[in-house]
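Down below is the structure, laid out as C-alpha cells.
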Amino acid sequence: MSSRDIEIHRGETGYGFNLAKLGHFHFFRAVEEGGAADFAGANVGDRLLKVNGQDVTQVTHAQLVQLIKQAGQVLRLSVIAITQDEINQLQQQQQPQLQQLQQQPQQQSQQQQQQPNAMTIVLLKTAKGFGFNLSKAQNRHFFRVIQPQGAAEIAGAHPGDEIISVNGTSVIGMEHTAVVEMIKVSGDKVEMIIIPNMVQSQESLEAMSDRTMQKISEARARASGMLKSEQARLVEAEKLADEERDRLRQGSLQQAEKIRQQRIQEQFEHDKTMIENNLRDAMDELELAKKKVSSARGTAQEHATQAEFDSFHAMLSGIRKSELERLDAEHTGILPEDANDRAIEELRRKMQRAVVEQEIYDVQATEWNKFATDCHKRREEEKETDKDMFERTKVARDRDMEFLQKKKERMERLMKEAEEKRVREIEDVRGKEKEKREREAREMQLRAEKAAALAQRRQEELAHENMKEAQRERVEAERQATLAMQAKEEEMRLKKIREYNEKQESTLKERMGTPLNARRPEKRANPSHPMIALLQKSATGVKIPLIKGLQSTNM
C-alpha cells in the first residue's frame, strides 16, 4: 500500500492528535474528532514516515516531537496505514514480554515498567515549565493536571497517567517531594516512563495488548477500505471504527476526569488541613506575643515619663499600622473562581496576616523591654543628682531623641528583614506576573518612544516651515525698506536740483537783468535704484551680488 501526504493547519487547540511509539513505529495514538488532524484526513493507527520532508522512521520519540514543534502553523506529513505483516511483527515483539511477566513475577516497579502499554515520553521545558501537576495515591504518582499546549501535553501525557520512572529511576514508593525534586534538577529536559490511564492488573495485560492491536487493525481496515470499490462495505467499516473509537475515547475521558476530580479533592483536603493546623499554631503564638507586649508595655509605663511613653507608643503603632496596610494592599487581589482554590487562598491570607502580626508583636515586646530598661536607668540617674537641672534636661532630651532615632532605625531594619522574608516566600509566585508587566512596560515604552520620535519629527518640520516663512517676510521687509529709502533719496536729489537752479537763476538775473530758462532735471525712465531690481529678483531665487556699502546677512 502506498503512502499518502496530508497537510495539517494548526488550530486554536493545536494539531489535534497524540503520538505513540510501539517498537520502531511512530503512529497516531489518538485523533481529536473535528480537530485539525481529523479534518486533514489523519486516522488512528496511521504510521508516520516523514515530517516536512524529513524521514522520521529512525528518530526517537523526543526528536519527532521536536520536529513537529518546529513546524509552525502548517505541518506536512507522509503517512501510511500499518500493514498486517507489521501488526504481526509488533505482536511477536510483545509476546516475549507477556510470557516473561506470566512466568517470572518480579517486584511491582519492574512489572509496571515491562507492561506492553508502558510508553516513554520526553518533556522539553518551555517558558511555562513542564505544564503539569502531580499527585500521589497508594505509593503511586499520577498526572493530576495537564496544562493545554504545555510540554506534557505535547509529549503525549494525559490526566490520570501513572508515572513509574523519571530519567531512568523508578519512583514507585518514593515520597511526593522526592519525585518533585528529581524533576526540578532535571533541567530543561526530563524523560519519563508512563502507563496510560487504564486498568493495570497483570491478568488484563494481554487483553490490553489485543485491544491496541485491534485498534491498529481497524485503522488499517479503514485505510484499505478507501481502495475498495464497494461503497457499502466502506461505509460500514468506517461506521464501526468510529463507534469503537468514540466508545474507547469516552470511557478513557470519563475515567480520567473521575480520577482527576478525586485527586484534586484529596489534594485540597490535605492542603486545607495543613494550612488550618498552621493557622491555629500561628494564632496561639500571636496571642502569646500580645501578652508579652502588654506586660512589657506595662513595665515601660512604670519607668517612662508620659511624653516618652506616648512618643514611643506612637512610633511602634505607626510601624505596625503601615505594615498591616501594606499586607492588606497585597490581599486586595481578586480571589480564584474555583471554590477549592478560593478557600485555600482565604486560609493562606489569614495565616499570612497572623504570622505578620506575630512577628510585629515579638519585635515590639523586645523593643518595649529595652525601652523600659533604658527608662529605668535614666530615672535612677536622675535620682542620684539634682545638679545643673537645665543641662541635665537638655542632655536627657538629646539622649532620648538619639535613643528614639536608634530604636526607629532598629525597628525599620527588623521590619525590612521581615518584609524581605515574606518577599522571598512569594517571589516565585510573583515572578511570572513581574515578567509580564515588564514585557508590557517595554512594549508601552517602545510605542511611546516611536510616538515621541514622530512628534519630534513633526515639530522639526513645522519649525523649518516657520523659519522659511520668517525668511520670506524678512526679505520682503528689506525690499520695502529699500524702496522707501530710494524714494526718499530721489526726492532729496530733486529738491537740491531745484534749489540749485533757483539760486543760479537768481544770480544770472542779478547779473544779466533778464531771466534765463532754467535747466530742468530730466525725468528718468525708471527712477528706482538699481538695487530694487535685484531685490525683486531675490524673491525668485537669484542671488544678490555684494557691492560697496552693502553687508552680507546670513538667514
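Just so it is clear, none of the values below were taken in a lab; they were calculated from the coordinates. None of these values were measured; they are calculated from a predicted model. Every residue, glycine among them, receives a Cβ derived from its backbone with ideal geometry; neighbour counts consider all protein chains shown.
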Problem set entry | Gain upon complete extension [VAL429, LYS125; 0.36 nm per residue less C-alpha separation] | 107.6 nm
For this session: Identify all aspartates and glutamates with a Cα-Cα distance to LYS69 below 13 Å; exclude those on the same chain that are fewer than 8 residues away in sequence.
Result: GLU153
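Quick check for me: using +1 on Lys/Arg Cβ and -1 on Asp/Glu Cβ, what's the dipole size of segment 9-77 about its Cα centre, in debye to the nearest 20?
Working: 7 positive and 6 negative charges, 55 e Å.
With only Lys, Arg, Asp and Glu charged at Cβ, the dipole is about 260 debye.
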Exercise. Under the classification rounded if a/c is under 1.5, otherwise prolate if a/b is larger than b/c and oblate if not, where does segment 386-447 fall, given a ≥ b ≥ c as square roots of the Cα gyration tensor eigenvalues?
Worked result: oblate
Exercise. Under a point spin-label approximation (7 Å from Cα along Cα-to-Cβ), what is the ARG399-GLN66 distance to one decimal in nm?
Worked result: 7.4
Seminar exercise, completed: The long-range amide H neighbours of ASN52, using H built 1.01 Å from N in the peptide plane and a cut-off of under 5 Å, are ARG76, LEU77, SER78
For this session: Grab the beta carbon distance between GLU337 and ARG439, set R0 = 25 Å, and tell me the FRET efficiency rounded to 0.05.
Result: 0.50
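Set the bar at 29 Å for Cα to Cα. Now go through LYS350/LYS377; LYS407/LYS434; LYS21/LYS128; LYS290/LYS434 and name every pair that lies beyond it.
LYS350/LYS377; LYS407/LYS434; LYS290/LYS434
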Seminar exercise, completed: In Å, the Kirkwood hydrodynamic radius from C-alpha pairs for segment 144-201 sits at 12.3
Exercise. Once you sort the root eigenvalues of the Cα gyration tensor of segment 342-498 as a ≥ b ≥ c, which label holds: rounded (a/c under 1.5), prolate (a/b larger than b/c) or oblate (the other case)?
Worked result: oblate
For this session: Specify the inter-centroid distance of segment 375-447 and segment 149-166, based on alpha-carbon positions, in whole Å.
Result: 50
For this session: Express in nm, to one decimal, how much length is gained between THR57 and THR366 on full extension, taking 0.36 nm for each residue of separation and deducting their alpha carbon distance.
Result: 104.0 nm
